[in-house]
Amino acid sequence: MENKPIGIFDSGYGGLTVFRSIFEQLPDYDYVYLGDTARAPYGNRSFQTIHQYTWECVQWLFKQGCPLVILACNTASAKALRNIQQLDLKNEDPEKRVLGVIRPTAEVIGDYSKTKQIAVLGTKGTVQSESYVIEIGKFFPDITVYQQACPLWVPLIENGEYDKPGADYFVKKYLEEVLAKSDQIDTLLLACTHYPLIQQKIKEYLPADIQVVAQGDIVAQSLADYLQRHPEMEKSISKNKTQQFFTTTDDTADFDHYAELFFGAKVHSGYAEIKC
Ligand code: DGL
């Protein structure tokens, strides 16, 4: 039987925190995860480059048979999704679908806040795109969003320094910067798929009355709703409970080592050669 998995894409490992939640909520489907670790991080790259890299990876996932691809990366969702949905898919294959993580998060995040003041922490690319300010504004016009770029968090996490004492300085630094913007913030959104790895450290440096929200469960719930609302798509996805992992780095053992930290289970990846 032909494999028609759900594709999950991230610039590197971070999307595995989202995949983990998706797999917990929707264990019956087949999945292919692709991390573009050879070209990560995307966070500081230009709009054009992020679009080009993301589209190349999405096309690779389509070649693996995926009818649906989730961009489990805020930076790619902020800077590439619109072009992919509105231009690329029309030319490539209008039957295929690509979804991101920003809209599903924006749809619900306002419900978490009583003070109606939310801090959104992400990469430079995500913050500069203003995607969260725009999207949250559509669903919750009375919410004020304070953004904070945390450019050093992804390198700390990807280099395995996230739980070491050196990380504390940078965790504190960005939290102090965002909290200085308002004393009414009661909700802090981790708008980068890597940040759940430092969630505990973040909590240690936050006042107890500020809640920290990670995206994994929100995106997983949104995907479950999407599949219910789109039975043709749901039927087209194969359901053999398989998971495959691919990285664009030829050192797959290195990927497997870090991937386990993000996914919470052993990972055995293959090498995906993306033609540039
Ligand atoms: N996974 C990306 C995100 O959610 C961050 C990593 C990167 O900068 O490539 O924004």
### Task
Scan region 29-119 for trypsin sites (Lys or Arg not before Pro) in coil per DSSP, keeping those whose Cβ has at most 16 other Cβ atoms within 10 Å, and list them by number.
Lys114, Lys116
### region 161-276 - Debye-derived log10 I(q)/I(0), Cα point model, q = 0.11 Å⁻¹
-0.59
### Query
How high is the FRET efficiency from Glu56 to Lys172, r the C-beta distance, R0 45 Å, rounded to 0.05?
0.75
### Query
Heavy-atom accessible area per residue, the chain, 1.4 Å probe: how many Å²?
45
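Sum -39500 (n - 2.57) across every DSSP H segment of at least 4 residues in the chain, then divide by the residue count to get the 222 nm mean residue ellipticity, nearest 500.
-12500 deg cm²/dmol
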### Task
Starting from the exponent 0.38 and prefactor 2.2 Å, build the expected Rg for the chain from its residue count and divide its actual Cα Rg by it.
0.96
### Query
In percent, how large is the relative contact order of region 29-185, given Cα pairs closer than 8 Å and 6 or more residues apart?
21
### Tilt relative to the chain, helix 165-179 - C-alpha long axis, 0 to 90 degrees, to 10
70
### Message
A 18 angstrom limit on the alpha carbon distance is what I want to check against. Which of Lys116/Lys181; Lys96/Lys235; Lys138/Lys181; Lys124/Lys173 exceed it?
### Response
Lys138/Lys181
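Counting alpha carbon pairs within less than 8 Å and at least 6 residues apart, what relative contact order, in whole percent, applies to region 28-96? Please report the intermediate quantities before stating the final value.
On the way: 34 pairs, mean separation 24.4, N = 69.
Result for region 28-96 is 35 percent.
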#### Entry: Cβ-based net charge around Asp111, under 13 Å, with every Lys or Arg adding one and every Asp or Glu removing one
-1
## Note on the structure
Cα-based Rg and Dmax for region 58-163, in Å, come out at 15.9, 46
### Task
Would you work out what percent of the accessible area of region 107-233, with all protein chains in place, is carbon or sulfur (probe 1.4 Å)?
50
#### Entry: Relative contact order (%) - criterion: Cα under 8 Å, at least six apart; region: the chain
27
### Task
Please list 101-109, 138-146 highest first by mean number of surrounding beta-carbon atoms within 10 Å per residue.
101-109, 138-146
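The values are calculated or read from the model by the stated rules, or taken from the named source; none is laboratory data. If you're wondering where the values come from, they're calculated on a predicted model, not measured in any experiment. Here Cβ is always computed from backbone atoms with ideal geometry, including for glycine, and neighbour counts include all displayed protein chains. Side chains included, ligands, DNA and RNA excluded: accessible areas come from the protein's heavy atoms. Shrake-Rupley method; radii C 1.70, N 1.55, O 1.52, S 1.80 Å.
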